[in-house]
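Encoded as C-alpha cells, the structure appears first; notes follow it.
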Amino acid sequence: MSDRQNISSGTPWESVHGYSRAVRVGNNVYVSGTTASDEQGNVMGENDPYAQTVYIIEKISSALAEAGATLADVVRTRVFVTDISRWEDVARGHAKFFSEIRPASTMVEITQLVDKRQIVEIEVDAVIGAAR
C-alpha cells in the first residue's frame, strides 16, 4: 500500500466540506475541482472564462508542485463550465498550458457553481513521471 499525502490549500472550505486540494497516492496525484477564487474567497476574472481558466490552472500547478508533480505529468482534465457557448475561451486558456502535453480531457456544461461568479471549474489527475 502506498503512502497517502493530503495537500491543503489552507482555505476554510476544506474543513467545512471535508476534502483536500489534492491527494497523492504513490505516483498518482488527484487535484480536486478548482475554481477561480483566491484564499479569501474573492473571485478572479469575473465573467471572463479565459482569465478564470488561466487562474485555475496556475492554482492547480501549485498544488501539483506541492505533491511533487508538474503540469507535464497531467494525464486527464475535467472542465466544468456554466455556459458552453463560451467553450472556445476556456479551450484557449486550457491550451495555453496543455497544447504540448495533451492530456485526455472532458468539458461539460453545468447549471452553476457554488458562487455564481465562478463560471469554470477544473479538476486534474496526474501521474508523476508521465511527462514526455
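What follows is calculated from the coordinates using simple rules that are stated; it is not laboratory data. Bear in mind the structure is a predicted one, so any value in this text is a computation, not a measurement. Ideal geometry is used to build each Cβ from the backbone, glycine not excepted, and the neighbour counts take in all protein chains shown.
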Quiz item: Counting only DSSP beta bridges with both residues in the range 4-127, what percent are antiparallel, rounded to the nearest 5?
Solution: 80
Exercise. Provide the FRET efficiency to the nearest 0.05 for the VAL114-VAL75 pair, computing r from the beta carbons and using R0 = 30 Å.
Key: 0.65
Quiz item: For the chain, what does -39500 (n - 2.57) per DSSP helix run (n ≥ 4), summed and divided by total residues, give at 222 nm, in deg cm²/dmol to the nearest 500?
Solution: -8000 deg cm²/dmol
Quiz item: Using the count of nearby Cβ atoms within 10 Å as a rough guide to exposure, how do VAL120, VAL74 rank from fewest to most?
Solution: VAL74, VAL120
Quiz item: Can you give the percent of C-alpha pairs in the chain whose distance is more than 25 Å?
Solution: 22
Quiz item: Beyond 13 Å, what percent of the Cα pairs of the range 1-62 remain?
Solution: 65
Quiz item: For TYR55, TYR30, TYR19, what ranking results if the residue with the fewest other Cβ atoms within 10 Å of its Cβ goes first?
Solution: TYR19, TYR30, TYR55
Practice problem: Using the 2.2 N^0.38 Å rule of thumb for compact globular proteins, work out how the range 88-132 stacks up: its C-alpha Rg over that value, please. | Solution: 1.37
Quiz item: Of SER99, SER105, how do they rank once you tally other Cβ atoms within 10 Å and put the fewest first?
Solution: SER99, SER105
